[in-house]
Amino acid sequence: MVGAGPSGIAVSACLNKLDIKNVVLEKEDCCAYLWKKKTYDRLHLHLSKEFCSLPFMPHATSSPKYLPKIEFIQYLDGYVEHFNIKPKFQNCVELAFYNNDKKKWNVKSRHVASGEMEWYACDFLILSTQKNNEGYIPKVVGIENFNGEIIHSSDYKFGEKYKDKKVLVVGLGNSGMEIAFDLSNYGCHTSIVVRSPIHVLTREMVHIGMVLLKYLPLSLVDIVIVKIAKFKFGNLAEFGIPQPEKGPFSVKISKGTSPVIDVGAIVKIKLEEIKHYSSIFFDDGTLMNKFPNHWKGENGIYYAGFSKKGIAGISIDSITIVDDIKAVRGDKI
């Protein structure tokens, strides 16, 4: 297994429960590296905790409905300990190929510190590095002439160092929205680039929608949530934030794009405390296979955490993958 983030540890836990031997290779020095070292301080889970647990370990009843970063990290560490997951840290996978003659995957890893190489032969290979493993900064014409600081959102912690400075946030996704809000609160002259149509909701709206989806058709839930959002925020297109033609949950299912959770930035945009601009930047990247078959490739290779459905998607992926491995191995359920 490649990667010891939430996806990797979830699959490993499912395998451990069945006493199926597995090795987790992680190039960093800890589990959930992105959560621990590449997220901003004010981060909270955008879905309520019942939708954000990994397999076989719900969140404590005493924990808050929307977990802050530090509590979710504690949950992940507790998960690793509870299921006796022991990743091999600082092992970077450099090569993997399928040997048709032996019907095995061959994987070469290199220890980051010592440079020592190690080979593994396995029946199944699970990639759990997820799509946001590496920060991407697009190439922009003329950017080489910019003398200021350029950072990816994964390197942002809080806005104090940017007080009284002009800061442009590219992208009004969840990270962009919250970082822009944080910067503005620290007294920065904040602007944001709105790259494409988005749905803006609150955490409570998303929770209502998730509950309604258990009982009502997707199209009807979309209509209800869009009307609630419009009542709350008004017509955001008037403020340079266009809305997609499809509803928020339809967009999530068809494109994997989550609605943006407002933490207070919309009021600041309306008051022009945060200025907005249009943009020509576009994201790239596709799944190995399209949803809902994204989790499985050929010859025993699997992809955990690529569904773009957050922690809930990770949980579903891990159980689905291990169920398939059981079927291939002929294990009793």
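Readers should treat all values here as calculations from the given coordinates under stated rules, not as data from a laboratory. Keep in mind that this is a model prediction, so the values were computed, not measured. All Cβ positions, glycine included, derive from the backbone under ideal geometry; neighbour counts span all protein chains shown.
So how much slack lies between H189 and H111, counting 0.36 nm per residue of separation and subtracting their Cα-Cα distance, in nm? Each step should come with its number before you reach the end.
Details: separation 78, 0.36 × 78 = 28.08 nm, distance 4.38 nm.
In short, 23.7 nm is gained.
Give a residue-ordered list of calculated ³J(HN,Hα) values for region 188-201 (Karplus: 6.51 cos²θ - 1.76 cosθ + 1.60, θ = phi - 60°; whole Hz; x for Gly, Pro).
Result, rounded to whole Hz: 7, 7, 9, 10, 9, 9, 8, 8, 7, x, 9, 9, 10, 10.
List the relative contact order of the chain as a percent without decimals, with contacts defined as Cα pairs under 8 Å and 6+ residues apart.
20
Rg (Å, one decimal) plus Dmax (Å, integer) for the alpha carbons of region 143-278?
Considering region 143-278 through its Cα atoms, Rg and Dmax are 16.1, 55 Å.
Report, in listed order, any pair from K38/K230; K37/K104; K270/K308; K214/K270; K161/K268; K38/K275 with a Cα-Cα distance greater than 28 Å. Could the numbers behind the result be given before it?
Values: K38/K230 33 Å; K37/K104 35 Å; K270/K308 30 Å; K214/K270 35 Å; K161/K268 20 Å; K38/K275 26 Å.
Check vs 28 Å cut-off fails for K38/K230; K37/K104; K270/K308; K214/K270.
Calculated from the structure, log10 I(q)/I(0) by the Debye sum over Cα atoms at q = 0.10, 0.11, 0.13 Å⁻¹ equals which of (i) -0.67, -0.81, -1.09; (ii) -0.91, -0.99, -1.10; (iii) -0.56, -0.69, -0.98?
(i)
Take the alpha carbon gyration tensor of region 1-115, find the square roots of its eigenvalues, order them as a ≥ b ≥ c, and report rounded if a/c is under 1.5; if not, report prolate when a/b exceeds b/c, else oblate.
prolate
Express in nm, to one decimal, how much length is gained between Y277 and I223 on full extension, taking 0.36 nm for each residue of separation and deducting their alpha carbon distance. Please list the in-between numbers first.
On the way: separation 54, 0.36 × 54 = 19.44 nm, distance 2.80 nm.
So the chain would gain 16.6 nm between Y277 and I223.
Compute, for region 143-278, the length of the dipole vector about the Cα centre, with Cβ point charges of +1 (Lys, Arg) and -1 (Asp, Glu) only. Units Debye, rounded to 20. Write down the numbers at each step before the final one.
Details: 17 positive and 14 negative charges, 71 e Å.
Dipole of region 143-278, to the nearest 20 debye: 340 debye.
At most 13 other C-beta atoms within 10 Å and a DSSP loop state: those are the exposed chymotrypsin sites (Phe, Trp or Tyr not before Pro) I care about. Give me the longest piece of the chain that has none. Mind showing how you got there, number by number?
Numbers: sites that count: Y136, F146, Y215, F281, F282.
Counting only loop sites that pass the neighbour cut-off, the longest clear stretch is 1-135.
Roughly how many nanometres apart are two label points built 7 Å out from the Cα toward the Cβ at E238 and I208?
Spacing of the two 7 Å Cα→Cβ label points: 2.1 nm.
Please rank C188, C122, fewest neighbouring Cβ atoms within 10 Å first, as an exposure proxy.
Final ranking by Cβ density, sparse to dense: C122, C188.
Would you tally the net charge around I126, using a Cβ to Cβ cut-off of less than 12 Å, leaving I126 out, and scoring K and R as +1, D and E as -1?
-2
For a quick check of your reading of the filter: which GluC sites (Glu not before Pro) in region 142-223 sit in a DSSP loop and have no more than 10 other Cβ atoms within 10 Å?
E149
Tell me, what HN-Hα J-couplings in whole Hz come from the Karplus equation 6.51 cos²θ - 1.76 cosθ + 1.60 at θ = phi - 60° for each residue of region 40-46, using x for Gly and Pro?
7, 5, 8, 4, 10, 5, 8
Taking the dipole about the Cα centre of the chain, with the C-beta of Lys and Arg at +1 and of Asp and Glu at -1, give me whichever of A312, L271, A121 is farthest to the positive side.
A312
Angle, helix 218-233 long axis vs. longest principal axis of the chain, Cα atoms, 0 to 90°, nearest 10?
40
Treating only the Cβ of Lys, Arg, Asp and Glu as charged (+1, +1, -1, -1), what charge dipole size does the chain show about its Cα centre? Round to the nearest 20 debye.
Using Cβ point charges on Lys, Arg, Asp and Glu, the chain gives about 480 debye.
Work out the charge dipole of the chain with +1 on the Cβ of Lys and Arg and -1 on the Cβ of Asp and Glu about the Cα centre, then indicate which of I321, G234, I198 is farthest towards its positive end.
G234
Output the 0 to 90 degree angle, nearest 10, between the alpha-carbon long axis of helix 310-329 and the longest principal axis computed from the alpha carbons of the chain.
For helix 310-329, the angle is close to 20 degrees.
Sum -39500 (n - 2.57) across every DSSP H segment of at least 4 residues in the chain, then divide by the residue count to get the 222 nm mean residue ellipticity, nearest 500. Mind dumping the intermediate values first?
On the way: 9 runs with 103 residues, N = 333.
Estimated from H runs of four or more residues: -9500 deg cm²/dmol.
For region 183-257 and region 45-109, what is the separation of their C-alpha centers, rounded to whole Å?
Each part reduced to its Cα centre gives a spacing of 29 Å.
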